[in-house]
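Participant: So that we are looking at the same thing, I have put the structure below in structure tokens.
The values are calculated or read from the model by the stated rules, or taken from the named source; none is laboratory data. Computed from a predicted model, the values in this text were never measured in an experiment. Every residue, glycine among them, receives a Cβ derived from its backbone with ideal geometry; neighbour counts consider all protein chains shown. Just the protein is used for accessible areas: all its heavy atoms, side chains included, with ligands, DNA and RNA removed. Shrake-Rupley method; radii C 1.70, N 1.55, O 1.52, S 1.80 Å.
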There are 2 protein chains.
Amino acid sequence: MEKTAVTSRDFILKGDICYSKTKDALDCREKGVLVCTAGKSAGVFSEIPAQYKHLPVADFTGKLILPGLADLHIHAPQFALRSLGMDLELLDWLATFVFPEEAKYHDLDYSSQAYTALIEDLKKGPNTRSCLFATVHTPATLKLMDLLEASGLVCMVGKVNMDRHCPDSIREKDAETSAAATQEWLEQCGSYKNIKPILTPRFIPSCTDDLMRRLSALQKRYHLPLQSHLSENQREIAWVQELCPKSACYGDAYSQFDLFGGEIPTIMAHCVWSEDKEIALLAKQKVYVAHCPQSNSNLSSGAAPVRRFLEAGVPVGLGSDVAGGAHTSIFRAMTDAVQVSKLRRRLIGQNDAPLSLEEVFYLGTLGGGSFFGPVGSFEAGYEFDALVLEDAGFAPPFKLSLRDRLERAVYLSDNSHIKAKYVRGIAIL
Amino acid sequence: MEKTAVTSRDFILKGDICYSKTKDALDCREKGVLVCTAGKSAGVFSEIPAQYKHLPVADFTGKLILPGLADLHIHAPQFALRSLGMDLELLDWLATFVFPEEAKYHDLDYSSQAYTALIEDLKKGPNTRSCLFATVHTPATLKLMDLLEASGLVCMVGKVNMDRHCPDSIREKDAETSAAATQEWLEQCGSYKNIKPILTPRFIPSCTDDLMRRLSALQKRYHLPLQSHLSENQREIAWVQELCPKSACYGDAYSQFDLFGGEIPTIMAHCVWSEDKEIALLAKQKVYVAHCPQSNSNLSSGAAPVRRFLEAGVPVGLGSDVAGGAHTSIFRAMTDAVQVSKLRRRLIGQNDAPLSLEEVFYLGTLGGGSFFGPVGSFEAGYEFDALVLEDAGFAPPFKLSLRDRLERAVYLSDNSHIKAKYVRGIAIL
């Protein structure tokens, strides 16, 4: 094989490597070699293959090397609200805490200050990919995208659309205004390397039919992925049924505007109360569920039927849902997902088996990562997002298997244990 | 008032002070003054009272000052097992992970190494009081007590009793041997200042009737408090019913040996499945429930009816239940308790209101602290256990009330935010 010039995105990591092969199986390689060429994985090996012997080696012997984590659902302007108002449920919490806070993002200085704090947190944490809701404000949304681009993280960001059922301070005047602002925003975000726009109607109650039709047209024109909310809270679901009396289920209310997956990559956050018909629609349309267990507990929403999504073939990833969730780390979302699945089974007597460590690790890496393309694995050809974790500080006084070290790191690590972090082959820590 | 000589346990802290007045009400004092005299609180003031003007002041202006936290249930030898085996339920997890690990504690070197790691963690964390299970081994239990005494933490420690239904490696030969070993242990732990023994029959399945009778006699003779487990898991409860066919409920199986509260301070961990009769017995006998929400999720045990305990007048505190729980911090137990109470209500349609921030903060301070005497409050006369937290690192870009800063610290703080920690008026950090 011909040698090419070595760039900063060509190197080798040595250490104890774990990643998901499938949702049920880990590949765990002690004293492994992980090769990055041109920002992509060239695979995991036991020894450095001959054709890569010329690459520089970062020796992390004894440390864990894992794929970067993917957060499929986070509200950037709610970072400042973490853990506040946790006695309320969704609709009251939106009205009391979220909408007044989001209204502040017409102020670019405030936005810049608040978004900088979020991004500092994200850089130090284990996530390398995020799908973020911004607010309705174009300048603040572009500011968020600028700051994220500078961070090295790879993200999708959505200017939010809302033209009804919210305070005047954040309601766009009408469907036409909202769609025009969206188009104006889209035309300003073509030059980012790592940040892509994603269409973001907040949820059915916030968007008139007219707006949904216009967004559907924009989506086709710009080939935009989409993120929104689905079946999070029982009062919300009843409200959607009132607003869209012809829809067969909440998901169908998006479908009627051709805004529910299919050809277009789509994320629906929560899906706590999705029943058979909606689960079948999610599966058929290959809509990603962003499972946000901590938020669903904090806002008393419930516990999503993740086992059923997996059995039905619905693609699933994890979401922090800051600030319904208080923690940005997708490691925390993994353990929350396990715990909630156990309580769900015990309390409502379902036959749905709890989620395993293997499953939640998959959901937080390859499961959600795949929304971004070949991301979340170390198989050859995947984009090179990696974390190096020092787990010696919480090692027990006996030898653990690599799989058990992973379980322990998922439960017990914090940002202080992250010793290196790579996104698309570039070190950002 | 006559001035006395100033000792290291006489001083003043200045800062933003929060503590529980009752389970529903916080006392929050910005720019407050907290006076410690002879290791006890002399109260919270707005200005330094004249009689204390001569005391040295530690100025923590802008930082939070909170009571130390109380962990009513932790298994010291399971610290090494945190987060391992989380796919199992209680009885299988005990057999597969816990009993083999506890058997290692016949080795004093191993015990010393493992207990040192636990205590390093506890010193850095927010808890100032703990009730710990050790193992059946007297030398290792005394080693744990020695190490805890040196740490400055105030704890109760129990040598565990088990004479049936466990592997030979940790089963005491018979009731007589177990009781004799307990007496021998008790006679060696009279000289600790901060560490007290607590009688610790593991749970009904581990102890023959003969052993329970002997422990009851020892309890009377030595005036010992008691800790054990109650109604954690449905298979366990069915087993207890088989073992004690005459008992009206699991709690009654302890009652029949006069080992269920009343005059004697008693903690029962979990009580996940306690029904009306058992709740009434807990209330009548003033038995403390150690509510361990994370463990109850991790081991798929369920969600305890804490609201009912509170309404029935049962004393309640929080427990980490390491290693059913993976985290020693009682801040984490507070948020877990809120989240689990919300899921419990949503999933099983109960009318039990979720726990509030005020309630869980009370449970983790005064609620559990009161098991140790006047502990967990800053009212005058309480033992001076205090934490100083730097919350500026997670402050939002707007001013929060002190109550909201507390909520945020409960959800978001970690050990790195603890800037000082006092136990009985002595700084241990």
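Participant: Could you estimate the translational diffusion coefficient of chain B from the Stokes-Einstein equation, with Rh from the Kirkwood formula over C-alpha pairs, at 25 °C and 0.890 mPa s, in whole µm²/s? Working shown, then result.
Facilitator: Numbers: Rh = 21.9 Å.
The Stokes-Einstein estimate is 112 µm²/s.
Participant: Still on this structure: Which stretch or stretches of region B:258-295 have amide N atoms under 20 Å from the point lying 7 Å from B:GLU176's Cα along the Cα→Cβ direction?
Facilitator: none
Participant: What aspartates and glutamates does A:LYS277 reach when the alpha-carbon gap must be under 19 Å and sequence neighbours fewer than 8 apart in one chain are set aside?
Facilitator: Within the straight-line limit of under 19 Å, A:LYS277 reaches these aspartates and glutamates: A:GLU232, A:GLU236, A:GLU242, A:ASP252, A:ASP258, A:GLU311, A:ASP352.
Participant: At B:SER169, label 7 Å along Cα→Cβ: distances to the other copies, nm, ascending?
Facilitator: 6.2
Participant: Check each residue of region A:389-416 and keep those whose accessible area, probe 1.4 Å, is at least 30 Å² smaller with all protein chains in place than in the chain alone; give them in order of residue number.
Facilitator: At a threshold of 30 Å² (probe 1.4 Å), the residues of region A:389-416 that become less exposed are A:PRO397, A:PHE398, A:GLU407, A:ARG408, A:TYR411, A:LEU412.
Participant: How far is it, in nm, from the label point at A:ASP352 to the one at B:ALA427 when both lie 7 Å from their Cα along the line to the Cβ?
Facilitator: Placing both labels 7 Å along Cα→Cβ, they lie 5.1 nm apart.
Participant: Let me ask something else about it. Apply the Karplus parameterisation 6.51 cos²θ - 1.76 cosθ + 1.60, with θ equal to phi minus 60°, to every residue of region B:313-327 and state each ³J(HN,Hα) to the nearest whole Hz, in sequence, with x for glycine and proline.
Facilitator: Whole-Hz 3J(HN,Hα) from phi for region B:313-327: x, 6, x, 10, x, 10, x, 6, 6, 3, 10, x, x, 9, 10.
Participant: May I ask for the angle, rounded to the nearest 10°, between helix A:330-348 and the longest principal axis of chain A, with both axes built from Cα atoms and the value confined to 0 to 90°?
Facilitator: Tilt relative to chain A: about 60 degrees.
Participant: Sequence-distant or interchain residues sharing an amide H contact under 5 Å with B:VAL160, placed H: which?
Facilitator: The list, which skips near neighbours in sequence, is B:ALA134, B:THR135, B:VAL136, B:HIS137.
Participant: Could you give the length gained on full extension between A:ASP27 and A:ARG9, defined as 0.36 nm per residue of separation minus the Cα-Cα distance, in nm?
Facilitator: Difference between extended and current length: 4.1 nm.
Participant: What does the buried accessible surface come to for A and B, summed over both chains, with the probe at 1.4 Å? Round to 100 Å².
Facilitator: In total, chains A and B hide about 4100 Å² from solvent.
Participant: Of A:ARG346, A:ARG29, A:ARG214, which has the largest mean-square fluctuation in a 10 Å C-alpha GNM of chain A?
Facilitator: A:ARG346
Participant: Between region A:188-237 and region A:64-143, how many Å separate their Cα centres?
Facilitator: 17 Å
Participant: Still on this structure: Just to confirm, what accessible area per residue do you get for the protein assembly as shown at 1.4 Å probe, in whole Å²?
Facilitator: 34 Å²
Participant: Based only on the alpha carbon positions, what is the Kirkwood hydrodynamic radius of the protein assembly as shown, in angstrom?
Facilitator: Evaluated over the protein assembly as shown, this radius sits at 28.3 Å.
Participant: Could you look at region B:6-91 and say what percent of its accessible area is carbon and sulfur, using a 1.4 Å probe and all protein chains?
Facilitator: Carbon-and-sulfur percentage of accessible area, whole number: 51.
Participant: Determine the percent antiparallel among the DSSP beta bridges restricted to chain B, to the nearest 5.
Facilitator: Percentage antiparallel, nearest 5: 45.
Participant: So which chymotrypsin sites (Phe, Trp or Tyr not before Pro) in region B:373-429 are both in a DSSP loop and have at most 13 other Cβ atoms within 10 Å of their Cβ?
Facilitator: Counting only loop positions with at most 13 other Cβ atoms within 10 Å, the chymotrypsin sites (Phe, Trp or Tyr not before Pro) in region B:373-429 are B:PHE398.
Participant: With a 1.4 Å probe on protein heavy atoms only, tell me which residues of region A:273-314 lose at least 30 Å² of accessible surface in the complex relative to the chain by itself.
Facilitator: A:SER297, A:ASN298, A:SER300
Participant: Would you mind checking the tilt of helix A:175-187 against the longest principal axis of the Cα atoms of chain A, expressed as 0 to 90 degrees and rounded to 10?
Facilitator: Taking Cα atoms only, the helix is inclined about 30 degrees.
Participant: From the label point of B:ALA5, set 7 Å along Cα to the beta carbon, how far off in nm is each other copy's matching point, shortest first?
Facilitator: In nanometres, ordered from closest: 7.8.
Participant: Quick one: which residues, 5+ away or cross-chain, put their amide H under 5 Å from the amide H of A:GLY68? H built at 1.01 Å from N.
Facilitator: A:ASP385, A:ALA386, A:LEU387
Participant: For region B:125-141, just list the computed ³J(HN,Hα) in residue order, Karplus coefficients 6.51, -1.76 and 1.60, θ = phi - 60°, integers in Hz, with x standing in for Gly and Pro.
Facilitator: x, x, 7, 10, 10, 9, 10, 10, 7, 9, 10, 6, 8, 5, x, 5, 5
Participant: Give me the one-decimal nm value for the distance between modelled label points at A:LYS246 and A:ASP210, 7 Å along each residue's Cα-to-Cβ direction.
Facilitator: With each label point 7 Å from Cα toward Cβ, the separation is 1.7 nm.
Participant: List the distances, in nm to one decimal, from the label point of A:GLY349 to the label points of the same position in every other copy, shortest first, placing each label point 7 Å from Cα along the Cα-to-Cβ direction.
Facilitator: 1.1
Participant: Find the chain A residue whose Cβ sits closest to the rotation axis that carries A onto B, and give that distance in whole Å.
Facilitator: A:LEU347, 2
Participant: Long-range amide H contacts for A:LEU230: which residues qualify at under 5 Å (H placed 1.01 Å from N, peptide plane, sequence gap of 5 or more or a different chain)?
Facilitator: The list, which skips near neighbours in sequence, is A:ALA269, A:CYS271.
Participant: Going toward the positive end of the dipole of the protein assembly as shown, with +1 on Lys and Arg Cβ and -1 on Asp and Glu Cβ, which of A:SER301, A:ILE418, B:GLY262 do you reach last?
Facilitator: A:ILE418
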